1. Send over the per residue convex hull volume for the chain, Cα only, as a whole number of Å³.
2. For segment 1-69 and segment 200-265, what is the separation of their C-alpha centers, rounded to whole Å?
3. On a 0 to 90 degree scale, rounded to 10, what angle separates helix 195-223 from the longest Cα axis of the chain?
4. Place the peptides 210-219, 162-171, 175-184 in order of packing, highest mean first, counting for every residue the other Cβ atoms within 10 Å and averaging per peptide.
5. For the chain, what is the calculated [θ] at 222 nm in deg cm²/dmol (nearest 500), taking -39500 (n - 2.57) for each run of four or more DSSP H residues and dividing by its residue count?
6. Hey, what angle do you get for helix 3-17 against the long axis of the chain, alpha-carbon based, 0 to 90 degrees rounded to 10?
7. How long is segment 150-284 along each principal axis, judged by its Cα atoms, biggest number first, in Å?
Amino acid sequence: MTDLLAALLLGIIEGITEFLPISSTGHLLIAERWLGHRSDLFNISIQAGAILAVVLIYRQRLWDLAMGFIGRRASAEHSPAGMALTPAQARDYAFKLAAAFGVTAVLGLVVKKLGFELPDQVTPIAWALVIGGVWMIAAEHLAAKRAAKLGERAAITWTVAILVGIAQVVAGVFPGTSRSAATIFVALLAGTTSRAAATEFAFLVGIPTMFAATAYELMHVLGNGEAANEDWTALAVAFVASAITAFVAVKWLLHYIQSHRFTAFAIYRFVLGAALLLLVPTGT
């Protein structure tokens, strides 16, 4: 397999898995065992491609939030969750996004300083996939029961915002957890019973979080001189592939959850996790 084809496949894998609740980190770590290990700069770049796709999808929503923050009313038509926001609501929503990001940033730096991170090995990733699948089914079941009893709730509370911030850190520590899965289902468990609203908040807070993480890692890579040895053609191919596939994947997911639960993703996690535990030698 040529290096460009391997880079293309890794970019596609990143784009598909970054925002679906199936763990991009887990899939990339496994894929690299067959397609070859890549530099930190390469992995940072394809993640940036996926982030760019989400920014493009939510560009009008982000603009509406900004305009609402300074006093202009936002419109519902640009929101995947269909939530119209008054200027006061836009400010409240923006502050909650900032709070979630702030919690992630502070706790993330603490975790980084302490050096607390699980090894990138197949066995813990496989277990994270399986346990995450159980978590997804349980969370959505409880959210559905609450919605049936109290009605669907699209509001993001301060509790939801803080817990989403914590969930992002947990997902970063445990490879295979999935940032999107952790944040969406924490929001569902904490009281936002609307799948669309929980997903929108999780994706929006993921934009500054992932940009900050990418910038942090990029400064580290540029500082130690690793960029000098990078294959920039392969990196560019992977970046474009990641951006395009992420755009398609997120658009599809936002449409899918309007009428479907996340059960199919949980089953996928079960199957993949079990296959890894059975087929891959322990400790590899």
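1. Cα-based convex hull of the chain, divided per residue, equals 128 Å³.
2. Centre-to-centre distance over Cα atoms comes out at 3 Å.
3. Relative to the chain, helix 195-223 is tipped by roughly 40 degrees.
4. Put in order of decreasing packing, that is 175-184, 162-171, 210-219.
5. Details: 11 runs with 211 residues, N = 284.
Here the helix-only value at 222 nm equals -25500 deg cm²/dmol.
6. 20
7. In descending order, the Cα extents are 57, 38, 28 Å.
A short reminder: the numbers here are calculations on the coordinates, not readings from a lab. If you're wondering where the values come from, they're calculated on a predicted model, not measured in any experiment. Methodologically, a virtual Cβ is constructed for each residue, glycine included, from the backbone with ideal geometry; neighbour enumeration extends over all protein chains shown.
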